[in-house]
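> Structure provided below as structure tokens; questions to follow.
Read-outs: derived from the displayed coordinates by stated rules, not from any lab. Quick caveat, the model's predicted, so the values are computed rather than measured. Cβ coordinates were reconstructed from backbone atoms using ideal geometry, including for glycine residues, and neighbour counts include every protein chain displayed.
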Amino acid sequence: MTTTQHISHPTARQYWIVGGILAVITAIEVAVVYIEGLGGWVAPILIALGAAKFTIVARWFMHLRFDKPL
Amino acid sequence: MTDLAEVAAPEAHPPMAHVRKVAMWVFLGSECIFFGSLLSTFLLYRTKTLDGPGAEEIFNIPFTSASSFILLMSSLTMVLAHHAHERRDSRATRIWLIGTALLGATFLAGQVFEFTEFVQEGLKISTSPFASSFYVLTGFHGAHVAVGVLMLTAMAFMSASGRLNDSEGMNVELVGLYWHFVDVVWIVLFTVVYLLQV
């Protein structure tokens, strides 16, 4: 272990599931650009999906969810 | 009289691994300001295309989406490398590190191809404020990916020669933090620079 502040990290299987969720969100993002009729909803949807990906990577892959605060 | 040696007792110091991790987060914080300023500049100039092509005419969303997917999956392989390293599985660590470096190199190759196509279609860095701000922003991100690929390759070699030591220099966790940060920046750029402009 590199540090002592880890609580309990996910398993490899959980990481694969998180990766799958990120892939699905990316596919939805691309689809939203091509779906006609969304009008003014395109930008809010894309920002929300981007924010979701950002949060998932920061919390799960960068371990912010598992590290103790300073 | 206060005993200075007691005040500055070595055991009062936080562990070095902890200090280095905080230092990496501080560095990543400064990088947020760096990319934030470049992104703000792009947003200010995104409509100033002069006589050159604009985002809608030139961006190839399916191609950039594939590149984005590759970089996103490299974050998965990076976290698997870190996971394997924590389990002291050096062979799996090396495999995932090399996989991450290859995915990063593929993303870079895609960016070089994309830039070449754009230049051929008339979007040079000097064409318009939109072009310069786009190339500077995405080019600096690409430079960060290139640095990450070099660090990952170095770590794979160090692991192979048994010199991957957590207690000194860069380690898998710190390089992982850097790599995920580069991915997170691309998540923002892909949404704001590409998807929201077409």
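> Helix-derived [θ] at 222 nm for chain A: sum -39500 (n - 2.57) over DSSP H runs of at least 4, divide by residue count, nearest 500?
-18500 deg cm²/dmol
> In addition: What is the distance in Å between the Cα centroid of the range A:56-70 and that of the range B:25-79?
Centre-to-centre distance over Cα atoms comes out at 23 Å.
> At 0.36 nm per residue, and after removing the present C-alpha to C-alpha distance, how many nm does the segment from B:VAL147 to B:SER161 gain when stretched out fully?
Here the segment from B:VAL147 to B:SER161 would lengthen by 2.9 nm.
> Quick one: check the C-alpha center-to-center distance for the range A:25-39 versus the range B:148-166, whole angstrom.
Cα centres, the range A:25-39 to the range B:148-166: 40 Å.
> Something else: Please compute the contact order of chain B in relative form: average sequence separation of alpha-carbon pairs under 8 Å and at least six residues apart, divided by the residue count, as a percent.
The normalised contact order for chain B reaches 32 percent.
> Highest GNM mean-square fluctuation, chain B, Cα pairs closer than 10 Å: which of B:SER68, B:SER126, B:SER159?
Top of the fluctuation ranking is B:SER126.
> Still on this structure: On a 0 to 90° scale, report how tilted helix B:16-45 is relative to the longest principal axis of chain B, with both axes built from alpha carbons and the result rounded to the nearest 10.
Relative to chain B, helix B:16-45 is tipped by roughly 10 degrees.
> Sticking with this one: Using DSSP to call loops (not H, G, I, E or B), can you name the trypsin sites (Lys or Arg not before Pro) in the range B:63-141 whose Cβ has at most 16 other Cβ atoms within 10 angstrom? Working shown, then result.
Details: sites: B:ARG87, B:ARG88, B:ARG91, B:ARG94, B:LYS124; in loops: B:ARG87, B:ARG88, B:LYS124.
When the trypsin sites (Lys or Arg not before Pro) of the range B:63-141 are filtered for loop state and at most 16 Cβ neighbours within 10 Å, B:ARG87, B:ARG88, B:LYS124 remain.
> Still on this structure: Which residue, B:ALA101, B:ALA109, B:ALA81, tops the fluctuation ranking in a GNM of chain B built on C-alpha contacts under 10 Å?
B:ALA109
> Determine which lysines satisfy two conditions relative to B:LYS48: a Cα distance under 19 Å, and not lying fewer than 8 residues away in the same chain.
Cross-link targets: B:LYS124.
> Please compute the length gained on full extension between B:ASP89 and B:THR47, using 0.36 nm multiplied by the number of residues separating them and subtracting their Cα-Cα distance.
10.0 nm
> Oh, and also: Where q = 0.16 Å⁻¹, what log10 of I(q)/I(0) comes from the Debye formula for chain B, counting one point per Cα?
Debye output, listed in q order: -1.00.
> Sticking with this structure for a sec: Extending each Cα 7 Å along its Cβ direction at A:ILE28 and A:LYS68, get the distance between those two points in nm, one decimal.
Placing both labels 7 Å beyond Cα along the Cβ direction yields 3.6 nm.
> Taking Cα atoms, how many degrees apart are the long axis of helix A:42-56 and the longest axis of chain A, rounded to 10 and kept between 0 and 90?
So the helix axis and the longest Cα principal axis differ by about 10 degrees.
> Taking every eigenvalue of the Cα gyration tensor of the protein assembly as shown, multiplying by 5 and rooting it, what semi-axes result, largest first, whole Å? Mind showing how you got there, number by number?
Values: eigenvalues 270, 87, 70 Å².
Square roots of five times the eigenvalues give 37, 21, 19 Å.
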